[in-house]
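As structure tokens, the structure follows; a few thoughts come after it.
The values are calculated or read from the model by the stated rules, or taken from the named source; none is laboratory data. Computed from a predicted model, the values in this text were never measured in an experiment. Cβ atoms come from the backbone with ideal geometry, glycine included; neighbour counts cover every protein chain shown. All accessible areas refer to the heavy atoms of the entire protein, side chains included, with ligands and DNA or RNA removed. Shrake-Rupley method; radii C 1.70, N 1.55, O 1.52, S 1.80 Å.
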Amino acid sequence: MVLITLAYKLTLKTTAMKNFVKNYIGKGKKVEGLEIIKINFKIEDLVKFSHKYKDEDYISLEIAKLKSPDKFGHDYTAYVNRLEESEVNEPVKPVETPKKKRNTSKKASNDVPSGDIPF
């Protein structure tokens with residue numbers, strides 16, 4: 001059993017994949033009669049996703065319209081999009097050798113198709 005496990009681990013290739021992960025931090029509604037969207041955030045979430053740029057703290061977030069309002073009537077969502085690395089074990093694919101093509105020549109067929117009577 002140990003040899004099988006070891007052989008399996010040797011055939012796996014560990015790769016680091018980078019994916020964008022959306023961290024949802026708030027929802028909101030459009031203010032009636034105005035072109036304003038009001039969104040509520042938790043302070044803890046904003047601080048958790050803050051980053052520094054030239055010795056200043058920033059929060060970069062994205063606002064998107066929901067396909068349909070949720071049960072509270074929120075039409076918009078806010079999220080922080082971050083690039084995160086995750087390790088993925090992928091099996092190593094064996095290298096396939098090209099198959100040799102058969103040299104088949106087209107010979108005249110003297111066979112009578114089934115169902116046809118040669119009279």
Worksheet item: How many nm separate the modelled label positions at Asn23 and Ala64, each set 7 Å beyond the Cα in the direction of the Cβ?
Response: 1.7 nm
Item to complete: Can you send over the solvent-accessible area of Ile37, 1.4 Å probe, protein chains only, in Å² to the nearest 10?
Response: 80 Å²
Worksheet item: So, counting K/R as plus one and D/E as minus one, what does the shell of residues with Cβ under 15 Å around Leu61 add up to?
Response: +3
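Taking a threshold of 27 Å on the Cα-Cα distance, which of the pairs Lys22/Lys71; Lys18/Lys54; Lys30/Lys71; Lys18/Lys71; Lys22/Lys54; Lys42/Lys65 fall above it?
Values: Lys22/Lys71 21 Å; Lys18/Lys54 25 Å; Lys30/Lys71 15 Å; Lys18/Lys71 33 Å; Lys22/Lys54 25 Å; Lys42/Lys65 20 Å.
Over 27 Å apart, Cα to Cα: Lys18/Lys71.
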Worksheet entry | Relative counts (whole %) of C-alpha pair distances in the range 35-90, using bins that are 10 Å wide | 17, 38, 29, 15, 2
